[in-house]
Amino acid sequence: MSSSEVPASPVRQLRLVVEADDYEAAVRFYRDVLGLPEQAAFSSGDDAHVVILDAGRATLEIANPAQKRMIDDVEVGRQVAPHIRVAFEVDDTAATTDRLVAAGAAQVAPPTTTPWHSVNARLDAPADLHITVFQELRTLDDRASLDGFGTDAP
């Protein structure tokens, strides 16, 4: 491969690093309640701690302001999301939402079926994260054949 050729996916992993004032509560919520398996954990003598949780496949969703407003309107009915929102794909949005709320998350909007064929719920979660849990109702191939779901860049 020449130096001008870029591999199909030069990035091997997306790692979102979140500072949590209540570290133990955040670890309990995301590892023990949401169910993200612990991949590694490190600490030092100066009371520094980090845990790396496996969240499966990662994607980076970039939306323009109009799209961000539209998503908020569909999922919540008003503008609520900060600059960054973290979304987790789950098997059952309703059950996951109930479990997360019972563990201390604040429900912002209940599970809602979206025009893009998923069931999404919004929550404010530990470590000051605004999150979506979503359940896909159609496969990626099914959605790709629908109007507005193309994968070609504009």
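The values are calculated or read from the model by the stated rules, or taken from the named source; none is laboratory data. Predicted model, so just to flag it, every value in this text is computed and none were measured. Cβ coordinates were reconstructed from backbone atoms using ideal geometry, including for glycine residues, and neighbour counts include every protein chain displayed. Accessible surface areas use protein heavy atoms only, side chains included; no ligands, DNA or RNA. Shrake-Rupley method; radii C 1.70, N 1.55, O 1.52, S 1.80 Å.
A few remarks follow.
- Which of 88, 149, 42, 29 is most accessible, then next, and so on - probe 1.4 Å: 42, 149, 88, 29
- Toward the positive end of the charge dipole of region 1-113, with +1 on the Cβ of Lys and Arg and -1 on the Cβ of Asp and Glu, the farthest Cα among 35, 65, 84 is that of 65.
- Radius of gyration (Cα atoms) of region 45-90, expressed as a multiple of 2.2 N^0.38 Å: 1.63.
- Helical contribution to [θ] at 222 nm, DSSP H n ≥ 4, -39,500 (n - 2.57), averaged over the chain, rounded to 500: -5500 deg cm²/dmol
- Probe 1.4 Å, accessible area per residue of the chain, Å²: 69 Å²
- For 9, 118, the ranking by accessible surface with the largest value first comes to 9, 118, using a 1.4 Å probe.
- Across the accessible surface of region 84-154, with the other protein chains kept in place and a 1.4 Å probe, carbon and sulfur atoms take up 50 percent.
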